[in-house]
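Engineer: I am attaching a structure below and will ask some questions about it afterwards.
Read the figures in this text as sums done on the coordinates, not as results from a lab. This structure is a prediction, so every number in the text was calculated from the model and none was measured. Cβ atoms come from the backbone with ideal geometry, glycine included; neighbour counts cover every protein chain shown.
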Amino acid sequence: MIPDPSTQTPETLRQVSVLLQAGRHADAAAMLRRALDIAPDDHAVISAVAQLAALARTWLTLGQTEQALAVLAPVAESEHASGALLMLYGHSLMALGRRHEAEVAFRRWVGKEPKSRDAVLTLAAVLADGNQSREAEAAVRTAIALHGETPEATFVLGRSLLQQLRFDEAETAFRKVVRARPGHQTAQANLMEIVWMRSGDAREASRAIDRALRAQPQLLGLRITKARLLLSARLPREALAEIDAGLATSARDPALLRAAAAIALELDGSRALVYAQRLLEVVPSDYGGRVALGNASLATGRAREALEVAESLHRANPTDGQ
């Protein structure tokens, strides 16, 4: 008589626990996959999968994406994988630039939870950024019909409309988003881009950002977004002034210092050098700061210092042309 495979589940889960404790996470995940295929409704199996997902989520939070993917992949490939597991699996793949595989995972998530707003919007966002904007628009409009219009849904709608070059409709969507969420940096950038293309007027294009900064000057990312526009408009002095306005209240912000060093290089090598030095005081190992220091040293005639920085950068990353 052939034994019922489901009776082997407790022993399989015991082995999963042993493997996890031994640090053999991928082996544990593969064994858990077998348990899930055999007994998908077993509460102990479901609990073990949830624990594995929690571990993967922690690794994702810590930026250990490949480690998270290694434990998620075996279990996520089971037809019994939950929506929550497929969500984590898809995000892991996206973080590693594997967009097409992530799309497949998110489609499976939607298949598991067709009325989940998060599932539909996540898939729509991937489609919108992957030149599948019509399908993305249809998906997000379905989500809006089911769950109402939220800033998150409206933003994805705006992205899908922008991909279709439907600029007026996209502008309307992004204006709704920034009214509800003034600090939504990507929506602000998209809105600014559309207005800039339509008007060619940097002041008009940055009007929504300026309004947000007057109300919430701590939104430092918006200053960087506006500075990029000003650089596109060939207004580097105004761009640097925008960054300096942020540094006046947040003198040690690495992103602002990094932007200031890059912009100042177009105007004054000595100022760029000061910004780069300030950045490295805050984040001594910052790769971008070391690049900025080398460029500023070269621009100010400090050839020896520039060469030392270049050699250091080459040793750290021989394939980087910077």
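Engineer: Which of Val177, Val283 comes first, and how do the rest follow, when ranked by fewest Cβ neighbours within 10 Å?
Structural biologist: Listing Val177, Val283 from fewest to most nearby Cβ atoms yields Val283, Val177.
Engineer: Let me ask something additional. Based only on other Cβ atoms within 10 Å, what is the fewest-to-most ordering of Trp109, Trp196?
Structural biologist: Fewest to most other Cβ atoms nearby, the residues stand as Trp196, Trp109.
Engineer: Let me ask you something else. To make sure I understand the rule: partners must be aspartates and glutamates, Cα under 12 Å from the Cα of Lys226, and not fewer than 8 residues away in the same chain. Which ones qualify?
Structural biologist: The reachable aspartates and glutamates, counting only those whose Cα sits under 12 Å from Lys226, are Glu193, Glu204, Asp210, Glu238, Glu242.
Engineer: If you find the alpha carbon centre of region 77-150 and of region 156-180, how far apart are they in angstrom?
Structural biologist: Using only Cα atoms to place each centre, the spacing works out to 20 Å.
Engineer: For region 47-87, what is the Kirkwood estimate of the hydrodynamic radius, computed as the reciprocal of the mean inverse distance between distinct Cα atoms, to one decimal in Å?
Structural biologist: 10.1 Å
Engineer: Looking at region 57-109, which trypsin sites (Lys or Arg not before Pro) are in a loop (DSSP not H, G, I, E or B) and have at most 16 other Cβ atoms within 10 Å?
Structural biologist: For trypsin sites (Lys or Arg not before Pro) across region 57-109 that sit outside H, G, I, E and B with at most 16 neighbouring Cβ atoms in 10 Å, the list reads Arg98.
Engineer: Using the Karplus equation 6.51 cos²θ - 1.76 cosθ + 1.60 (θ = phi - 60°), what ³J(HN,Hα) coupling, rounded to whole Hz, does each residue of region 212-218 give in order, writing x for Gly and Pro?
Structural biologist: Result, ordered by residue: 5, 6, 5, 7, 9, x, 7 Hz.
Engineer: For region 150-218, max minus min Cα coordinate along each principal axis, in Å, sorted largest first?
Structural biologist: Here the Cα extents, ordered largest to smallest, are 33, 30, 13 Å.
Engineer: Now a separate question. Using θ = phi - 60° and the Karplus form 6.51 cos²θ - 1.76 cosθ + 1.60, what ³J(HN,Hα) does each residue of region 181-190 get, whole Hz, x for Gly and Pro?
Structural biologist: With the stated coefficients, region 181-190 comes to 9, x, x, 6, 5, 5, 5, 4, 5, 5 Hz.
Engineer: Here is a follow-up. Using square roots of five times the C-alpha gyration tensor eigenvalues, list the equivalent-ellipsoid semi-axes of region 94-165 in whole Å, biggest first. Provide the component values of the computation, followed by the final result.
Structural biologist: Values: eigenvalues 61, 49, 17 Å².
Ellipsoid semi-axes (Å, largest first): 17, 16, 9.
Engineer: Once the mean 1/r over all distinct Cα pairs of region 29-132 is inverted, what Kirkwood radius in angstroms do you read off?
Structural biologist: Value: 13.7 Å, from the Cα pair sum.
Engineer: Right, next: Using helices alone, I'd like the mean residue ellipticity at 222 nm for the chain: each DSSP H run of four-plus residues gives -39500 (n - 2.57), total over residue count, nearest 500.
Structural biologist: -24000 deg cm²/dmol
Engineer: Continuing with this model, one more query. Would you list Met31, Met192, Met197 from fewest to most Cβ contacts within 10 Å? Provide the component values of the computation, followed by the final result.
Structural biologist: Values: Met31 21, Met192 25, Met197 10.
In increasing order of surrounding Cβ atoms, one gets Met197, Met31, Met192.
Engineer: Could I ask something else about it? Considering region 253-310, what Rg and Dmax in Å follow from its alpha-carbon atoms?
Structural biologist: 9.9, 29
Engineer: Next question, about the same structure. Counting Lys and Arg as +1 and Asp and Glu as -1, what is the net charge of the other residues whose Cβ lies under 11 Å from the Cβ of Glu266?
Structural biologist: +2
Engineer: Under 12 Å from the Cα of Lys176, which aspartates and glutamates turn up, not counting those fewer than eight places away in the same chain?
Structural biologist: Qualifying aspartates and glutamates at Cα under 12 Å: Glu149, Glu152.
Engineer: Another question, if that's okay. Quick one, what does Rg over Rh come out to for the chain if you take C-alpha atoms and the Kirkwood Rh?
Structural biologist: Taking Rg over the Kirkwood Rh, I get 1.08.
Engineer: OK, next. Cα centroid distance between region 1-76 and region 243-322, in Å?
Structural biologist: Value for the Cα centre distance between the two parts: 46 Å.
Engineer: Let me check against my output: what whole-number percent is the relative contact order of the chain, with C-alpha pairs under 8 Å and at least 6 apart?
Structural biologist: Here the relative contact order equals 6 percent.
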